[in-house]
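A.B. asks: Structure below; questions to follow.
The values are calculated or read from the model by the stated rules, or taken from the named source; none is laboratory data. Owing to the predicted nature of the structure, the values given are computational and were not obtained by experimental measurement. Cβ coordinates were reconstructed from backbone atoms using ideal geometry, including for glycine residues, and neighbour counts include every protein chain displayed.
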Amino acid sequence: MLKSNGSKKYLAVDLKCLFGHTGELCPVTTVSPTHYVLTRRCISSDCAFVETRPGRQPDALFEDAKVAAQ
């Protein structure tokens, strides 16, 4: 992953821009309510948030189950 210095310099700044209300204009594209793409400098941060649930998951959530059902 990123070194500590790189995380603070790039990733943390992008997350603050997305969610920290820094007052600056954020170059972000909202792909869906849980998926954001932030592009600045010569890098792009692709942030997607997923729901997690404890315990056994229904088979229908997995790709193999979806393909087998077709």
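A.B. asks: When residues of the range 10-40 are filtered for being among the charged types (D, E, K, R), touching a helix residue (DSSP H, G or I) at 6+ places or on another chain (Cβ under 9 Å) and touching a residue at least 12 places away in the same chain (Cβ under 8 Å), how many remain?
C.D. replies: The number of residues fulfilling the criteria is 1.
A.B. asks: Sticking with this structure for a sec: Quick check on the range 1-16: of everything there that is within 21 Å of Val50 (Cβ to Cβ) and touching a strand residue (DSSP E or B) at 6+ places or on another chain (Cβ under 9 Å), which residue is modelled with the lowest pLDDT?
C.D. replies: Filtering first and then ranking leaves Leu11.
A.B. asks: Moving on to the next point. Among the residues of the range 19-67, write down those that are at pLDDT below 80, outside any loop (DSSP other than H, G, I, E, B) and among the β-branched types (Val, Ile, Thr).
C.D. replies: Ile43, Val67
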